[in-house]
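Okay, so here's the structure we're looking at.
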Amino acid sequence: MTYHESLPAGSRPLKVAMISHSDMLGGASVVTYRLMKALKAEGVDARMSVYNRLTDDASVRQVGTAGTRGVRFAWERVRIMAANGFRRDDLFKVSTADTGFNLSRDPWIREADVILLGWINQGLLSLDDIEALGRLGKPVVWVMHDMWCLTGICHHSLGCTRYTESCGRCPLLHSRRDNDLSRHVWERKMKLYDAVPLTFVAVSRWLADRCAESSLLAKRDVRVIPNAFPVDSFVIRPRGELTVLQGDLDHDIILMGAARLDDHIKGLPMAVDALNYIFDNHPEVAQRTVAVFFGDLRSPAALHNLRFQHFHVGRINDPNLLRDLYARSKVVLSSSLYETLPGTLIEGQASGCLPVTFGRGGQADIVTHLSDGYIARYADTRDLAKGILWALDQNVDRQALHESVRRRFSSTSVARSYIELFNQLVAVK
């Protein structure tokens, strides 16, 4: 029985207004769009307002015009560059939310029972805009897909612990001043959080633990609900030909993917080192195994030093092809430095693959070490290689692995967790 079917006769469903940077551009946007679809499947009247609209879904609406969006995006980046000495290398690792669109007068927002914020940076909402939403008197739920809500300005702290105090001396600004841009935004966030009774949702226990350490969120209302995944759309056996592959299809496949593989945070050089270690020390394994990489590579040279047999198939836009590739693979590999809840590992498990990964992030919410995957010691490429060898040697019940993902991450179970939260908050209001 869906949430809608359980309502008393004559009751109307919940109306939820979701605000996200995009509906399909970037991992956080994709999982937010999936959540909207999952809520709608349960009978919730859910709609999305986005900065960048890629679908033709009538439940998604783009805010502003191309000109106004461009001005807001550029203004924030210029201010960050002025604070970091006009460096470009770390420009998109931080955000300030000092400009955006005031959506408090938007009809979708005004009609809603609950407002849900997703990833709102780079010109969509400012902190002042969020305060204006709070003044409407509706519950505001903010889903955290990275660390930005609990830090001054960074999306991932990359080992910095200044967020446990009040930021300042931000390494991503190359700053030595306490009273720098990160401190100023930290102060604005503290003011916002004191003024608006926000409910934060961490998508993993790891992220919730970072909230507990944060000077901004340690005393705030933080829940843990994972991202929703369309588990039933993933299969344990390929349903079509894998035209992206070349050579012998009898090889075991180690699969690794990301939107951009050579993004620093994905740790691609460590994956290369681990695979090269296997190539040099376990040639019998290397002869019957191939590594397949999907996603963009800004620098094709990133894989030039990889001696292990491999293919880079580029970005895969066909979801059926991607699912068949997962279903054909034996191992799904992640060498990321930080991940809040790595979707490739969940998708791999849903297809019967064993994840091999480091553990600095939400991996422990997905993987039980030496049971349904391997969590290597952080940044230890020898242990990562050991995990790959272990996974290749397992005889996996792919259907049982698929079912375990359904229990934990299915769209239905996640949507119902959100509906329970929404009903609690509406009742309090």
Just give me the residues in region 326-346 being modelled with pLDDT of 95 or more, touching a Phe, Trp or Tyr at 6+ places or on another chain (Cβ under 8 Å) and of a type outside the set (Gly, Ala, Ser), in sequence order. Tyr326, Val332, Ile346
Given (1) within 30 Å of Pro197 (Cα to Cα); (2) open to solvent by less than 70 Å² (accessible area, probe 1.4 Å); (3) not hydroxyl-bearing (Ser, Thr, Tyr), identify the lone condition not met by Asp263. (1)
Tell me yes or no: at least one residue of region 414-426 is touching a Leu at 6+ places or on another chain (Cβ under 8 Å), within 23 Å of Arg323 (Cα to Cα) and touching a residue at least 12 places away in the same chain (Cβ under 8 Å). yes
For region 196-210, give me each residue that is out of contact with any Cys (no Cβ under 8 Å at 6 or more places or on another chain), under 20 Å from Thr340 (Cα atoms) and either aromatic (Phe, Trp, Tyr) or buried (at least 16 other Cβ atoms within 10 Å of the Cβ) (or both). Thr199, Val201, Val203, Ser204, Trp206, Leu207, Ala208, Arg210
Scan region 70-82 and tell me whether some residue there is small (Gly, Ala, Ser), under 22 Å from Met147 (Cβ atoms) and surrounded by fewer than 19 Cβ atoms within 10 Å (Cβ to Cβ). no
Got a sec? Which helices (runs of 4 or more DSSP H) wholly within region 271-363 have at least 2 residues that are farther than 30 Å from Arg205 by Cβ? 283-287, 319-328
Which one of the conditions (1) open to solvent by 10 Å² or more (accessible area, probe 1.4 Å); (2) assigned to a strand (DSSP E or B); (3) hydrophobic (A, V, I, L, M, F, W, C) does Leu389 fail to meet, given that it meets all the rest? (2)
Working only within region 22-33, note down all residues that are part of a helix (DSSP H, G or I) and surrounded by fewer than 19 Cβ atoms within 10 Å (Cβ to Cβ). Val30
Residues satisfying the stated conditions in region 158-195, i.e. of a type in the set (S, T, N, Q), open to solvent by less than 70 Å² (accessible area, probe 1.4 Å) and under 26 Å from the mean Cα position of the chain (by Cα): Thr164, Ser166, Ser182
Could you please give the count of residues in region 146-158 that are under 16 Å from Ala212 (Cα atoms) and in a loop (DSSP other than H, G, I, E, B)? 6
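The values are calculated or read from the model by the stated rules, or taken from the named source; none is laboratory data. Only a predicted model underlies this, so the values are computations on that prediction, with no experimental measurement involved. For neighbour counting, all protein chains shown are included, and Cβ atoms are generated from backbone atoms with ideal geometry for every residue, glycine included. Just the protein is used for accessible areas: all its heavy atoms, side chains included, with ligands, DNA and RNA removed. Shrake-Rupley method; radii C 1.70, N 1.55, O 1.52, S 1.80 Å.
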